[in-house]
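The values are calculated or read from the model by the stated rules, or taken from the named source; none is laboratory data. All values reported here derive from a predicted model rather than from experimental measurement. In this analysis, Cβ positions are derived from the backbone assuming ideal geometry, glycine residues included, and neighbour counts consider all displayed protein chains.
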Amino acid sequence: MKNNEKREKEWYDNPNLITTMLIGVIILSIILSQSFAIRNHLDTATILRSILNHNSLYLFALVYFIFLKTRIGRKYFHFLNMFISVFFCLMTIASMFTIFQSFGLSSFVNLALNIVMTIYFIYVFIRDTVLGSELKITEAPMDEVNNNQYFYVICVLIIISLVVDLVGASTFDGIVIALLDAVYYALFARYIFLYKEFQDHQKVISRVEDNQEEKEEIASPKKQTRKKKSTSKKEES
């Protein structure tokens, strides 16, 4: 039982494993969506629109997570976060326009999911950067919501979006794509959640180290005064 619990914790609390799973899900989604389009005998223009609309999200995320696996990506980690946050904002704007094209529950839920994911990503990855300090993200209303609340709200929106898509799906292809979309968003939200947990842990460690340094600074002059008193007593004797 203990070994099983450790394994369960390893997969959903391990950021490296989460990013690897995301890369796999993204590649699988791109391959399956294009194979479904070819199997349904769609024309070239429709396939290109599918790549630009649906798969553009996956393509940009794939580049992001692959770079995180490299030394260059880890070096320019904050620049990659800026890049993906801009893309999140563009996807949110695009989802706003889809409401006017296809007015329905699915478009509303997708818009809400994109908005919360964008806010969550900026809240976690941009707030501690130079741009975040200039924009005063820590003073924004979104900072009032904690990490667990963001993650649970996204999970609820993912479940609602999945149910709506499955109800509206009339083919096996649509069911598979809906399931892969839900898995992708859930893993991405978990990735953001784990990084926020890492940030909080680092802050706690830095506070403990600062407190220890302050205690040592306070204690050092007391030790010096004690040494002076002991030396003065020896001289008198």
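Across the range 140-188, what is the number of residues that are under 16 Å from residue 118 (Cα atoms) and not in a helix (DSSP H, G or I)?
3
From (1) over 20 Å from residue 150 (Cβ atoms); (2) modelled with pLDDT under 80; (3) charged (D, E, K, R), pick out the condition that doesn't hold for residue 136.
Condition not satisfied by residue 136: (1).
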